[in-house]
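For reference, the structure is listed below as structure tokens.
The values are calculated or read from the model by the stated rules, or taken from the named source; none is laboratory data. All values derive from a computational prediction rather than experimental measurement. Cβ coordinates were reconstructed from backbone atoms using ideal geometry, including for glycine residues, and neighbour counts include every protein chain displayed.
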Amino acid sequence: MPSVDWKPKFSVGVERFDDDHRHLFSLLNQLHMSMAGRERNSALNLILKDLVWYTQTHFRAEEVLMKRYGYPELAAHRAEHDRFTEQVIQFVAHFQSGRNEITVEVSDTLQEWLAQHILQSDAAYAKFFRLKDAVEVRSLPQALVSDAYCAVRGALS
């Protein structure tokens, strides 16, 4: 699978979340290129560490806002996030212990999951925010988004 670049169709209308999605695609593309180029383990470890941190932080920030606005599919969305995060953490642990080699197929699977998750599950919460009119998603107060990230970072520390 060639690299997946962020495209406007992936926008959820929350600038910070869109920025995170761009970065997650970038990390997965770096992982893919590193594996194809047979990068050293130290380079791969840095990419994987960043990927774990970004998934945990980004996913929890999304969930904080979903909870605040009463998103009815929060539990199912959180379960998707938890499964993906666990998959990434297990993959990293196996890689770091030497029990598993990174393959391009693993990278492709992660890229495909992210793209589909954004296009389906994340698009659903974006639509909910717009329909509920609790907040105009594009003008979501930056302070509110920042508060969500601060809460997440505090919980993950």
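So the values come out like this:
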| item | result |
| --- | --- |
| Every residue from segment 17-46 that is among the charged types (D, E, K, R) and either within 21 Å of Gln116 (Cβ to Cβ) or crowded, with 20+ Cβ neighbours inside 10 Å (or both) | Asp18, Asp19, Asp20, Arg22 |
| Selection from segment 82-102 of residues that are without any contact (Cβ under 8 Å) to a residue 24 or more places away in the chain and under 21 Å from Arg16 (Cα atoms) | Asp82 |
| So Ser3, is it modelled with pLDDT under 85 and among the small types (Gly, Ala, Ser) | yes |
| Failed item in (1) surrounded by 18 or more Cβ atoms within 10 Å (Cβ to Cβ); (2) outside any helix (DSSP H, G or I); (3) touching a residue at least 24 places away in the same chain (Cβ under 8 Å), with Trp6 passing the rest | (3) |
| Odd one out for Ala124, checked against (1) under 17 Å from the mean Cα position of the chain (by Cα); (2) buried (at least 18 other Cβ atoms within 10 Å of the Cβ); (3) not charged (D, E, K, R) | (2) |
| Complete set of residues in segment 47-79 that are more than 28 Å from Arg130 (Cα to Cα) and surrounded by 14 or more Cβ atoms within 10 Å (Cβ to Cβ) | Ile47, Leu48, Asp50, Leu51, Val52 |
| Among (1) part of a helix (DSSP H, G or I); (2) within 21 Å of Phe128 (Cα to Cα); (3) at pLDDT 85 or above, the one test that Arg16 misses | (3) |
